[in-house]
Amino acid sequence: MRPTDADFRHALAAHGDRIARYRAGKFTDDEFRPIRLGYGLYYQLDHTSHMQRIKLPGGVMTTAQAECLADITDDYGRGVAHFTTRQDIQLHWIGFDDLMPMYERLHAVGITTRGACADTVRNVTGCYHAGTLANEPFDVTPYLWAVHEYFLFHPLNLTLPRKFKIAFSSCAADCVQGPVNDIAFFPKLRDGKPGFSVQAGGGLGSQPFLAVPVCDFVPVEDTLIAAEAIVRTHHRYGERKNRHKARLKYVAKKWGNEKFAAEIRKEMARIDAQMGASLRAECAEVAESVRLPGPNHGPSPLPAAGDEAFAHWARTNVVAQKQEGYFGIEVQLPLGDLTGAQLRALARLAQEHGASQLRATNDQNVYMPWVPGARVRQVYDALRELRLADPDALHISDVLSCPGADYCSLAVSRSMGVAAMIRNHLLAANGHVEKLGVFRIRISGCPNSCGQHHVGDIGLTGMQVKGPDGQETPHYSILVGGSVGELDNAVGQRLVGRYPEASVPNVIGALAEYYGAQRRDGERFPTFVNRVGTQVLSELAQKAAGL
């Protein structure tokens with residue numbers, strides 16, 4: 001059964017009652033912890049204020065939703081929204097008095113934070129180019145929404161052994177990093193019929209595992225059957241005593257790939273026999289009802305480049321859609337942060353020039369689809385006024401980072417600070433950024449891998465290292481050559497050594513320069529790493545760091 005507005009209102013009222021009871025002393029902190037986490041509320045460093053995670057399925061925001069998010073950012077989050085690596089938005093320094101007003105305002109525009117944390121199915125991520133890609137088999141968005149809705153009030157959802165992540169890939173770049181999810185759907189056509197190849201059991205953290213292929217082809221109408229089977233497998237066989245071993249990836253490791261895939265297919269057959277007809281009907285109902293806003297203006301060609309600043313930005317931040325005369329614009333958010341005023345202005349630009357929608361990306365940027373070519377320059381000029389017109393989106397200077405020790409109680413390093421240092425160093429060096437093409441640096445402030453450092457072209461992990469004087473100082477370990485995608489994926493290879501924080505920008509710069517000088521035509525960095533080897537790159541990195 002699809003959730004109704006009454007379901008959301010009842011759940012929200014019950015949650016408000018639990019918050020009130022906690023504040024009245026009727027719950028201990030430990031008792032309240034799963035309650036607040038179930039709605040995406042985390043303690044911050046001081047353990048008196050909170051971080052609120054807000055789910056955006058597929059990253060999609062209508063302009064009304066973006067304006068609401070901008071307003072609550074200003075009213076409750078000290079004016080800054082942080083875009084995450086899973087198409088969520090995080091607000092910091094939220095007080096208890098603001099929680100229910102915030103939740104009610106989000107509900108009014110169709111946003112829920114239910115399941116944004118805790119041992120639940122988390123935000124369902126999707127390719128932000130979906131529906132506009134030249135070579136996509138079909139638009140995955142309707143099926144993403146079917147999965148999102150299905151698990152919101154699912155009876156198993158709040159009792160899983162551990163968090164559970166689902167992604168719908170679509171583009172060749174696999175911008176949702178499918179293989180590091182518990183379930184990854186990859187769209188296919190078989191004899192003209194749409195469906196998905198399905199992988200399961202991926203995950204990062206301190207022990208990274210890439211997902212295992214479990215089905216070559218599942219018809220789109222069976223999407224919920226596949227998802228239900230894999231979630232049931234996690235619920236039934238996932239570790240319950242040791243949370244460090246409770247992800248689905250450990251079930252895959254214990255059983256081996258062949259048995260893991262076979263057991264999931266058996267579970268799919270059982271579910272098909274039990275409730276296949278109802279799941280197909282629900283999937284079809286949601287899929288048929290999902291209609292994203294269309295373009296507000298007719299198509300037009302992209303005009304001549306004009307000045308070099310605009311030409312550079314257009315080369316790296318503007319993507320031609322399969323719909324002739326329309327373009328998508330990637331707005332680069334330095335360190336993933338956006339002020340309430342900037343978000344509100346982006347919503348207005350999408351309303352005026354695009355399709356009344358924005359899309360958050362896994363790369364901590366914002367995407368604006370459906371802009372006619374003749375209006376691209378107007379959007380660029382407006383972005384310059386907003387200080388959001390940086391070129392080279394997804395290139396080496398567009399560094400991705402978790403919030404780190406500035407906000408997170410688990411982090412051991414200021415990952416956002418070192419990201420800014422790297423970005424400034426690369427921009428000052430000049431000449432390499434655009435030439436290298438798409439190149440992702442990913443930084444995590446602790447081994448939990450919220451920054452997805454294992455699958456970056458270069459990945460950094462924060463740590464504290466004790467020196468001869470007994471004082472601990474921030475250092476980073478460095479991985480190189482990580483990649484994602486349905487077939488060609490890999491966890492990065494570790495360079496020798498631990499690198500002091502201050503030396504990291506020099507190391508990144510040296511690696512980038514060497515890659516630019518030594519790579520073969522069209523050679524991507526993971527292929528380059530495999531050819532050159534980590535010994536050569538380790539020696540280069542240590543020399544750049546002065547070690």
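A short reminder: the numbers here are calculations on the coordinates, not readings from a lab. A quick note: this is a predicted structure, and the numbers were derived from the prediction, not measured. Note: ideal-geometry Cβ built from the backbone for every residue, glycine included; neighbour counts use all protein chains shown.
Structure notes:
- For the set Lys188/Lys254; Lys193/Lys259; Lys163/Lys193; Lys163/Lys254, the pairs lying more than 22 angstrom apart at their alpha carbons are Lys188/Lys254; Lys193/Lys259; Lys163/Lys193.
- Using only alpha carbons, region 125-289 has a radius of gyration to Kirkwood radius ratio (Rg to Rh) of 0.95.
- Helices that extend 15 Å or more along their long axis by alpha-carbon positions and average at least 0.0 on the Kyte-Doolittle scale are, among the DSSP H runs of the chain, 141-152, 223-237, 415-429, 504-518, 534-545.
- Length-normalised contact order for region 125-289 - Cα pairs under 8 Å, 6+ apart - percent: 22 percent
- By the Stokes-Einstein formula, at 1.306 mPa s and 10 °C, region 5-108 with its Kirkwood radius over alpha-carbon pairs has D equal to 111 µm²/s.
- Net charge over other residues, Cβ less than 12 angstrom from the Cβ of Gly328 (K, R count +1; D, E count -1): +1
- Partnerless cysteines, meaning none of the other Cys C-beta atoms lie under 4.7 Å away, in the chain: Cys68, Cys117, Cys127, Cys171, Cys175, Cys215, Cys283, Cys408, Cys446
- Histogram of C-alpha separations across region 308-385, 10 Å bin width, %: 18, 58, 23, 1
- Along each principal axis, taking the top coordinate minus the bottom one, the Cα set of the chain gives 62, 60, 53 Å in descending order.
- For region 208-318, alpha-carbon Rg relative to the globular expectation (2.2 N^0.38 Å, N residues): 1.69
- Whole-Å distance, taken between Cα centres, linking region 221-276 and region 133-203: 15 Å
- Contact order relative to length of the chain, as percent, for alpha carbon pairs under 8 angstrom and 6 or more apart: 12 percent
- About its Cα centre, the chain has a charge dipole of approximately 1480 debye under the convention of +1 per Lys or Arg Cβ and -1 per Asp or Glu Cβ, with nothing else charged.
- Proximal charge balance of Tyr476 [Cβ under 9 Å; K/R count +1, D/E count -1]: 0
- Relative contact order (%) - region 5-108, alpha-carbon pairs under 8 angstrom, separation at least six: 25 percent
- At 1.306 mPa s and 10 °C, Stokes diffusion of region 197-249 via Kirkwood alpha-carbon radius, µm² per second: 131 µm²/s
- Computed over neighbours whose Cβ is under 11 Å from that of Lys435, the net charge equals -2, Lys and Arg +1, Asp and Glu -1.
- Rg ratio for region 400-545: its Cα radius of gyration over 2.2 N^0.38 Å, N being its residue count, equals 1.01.
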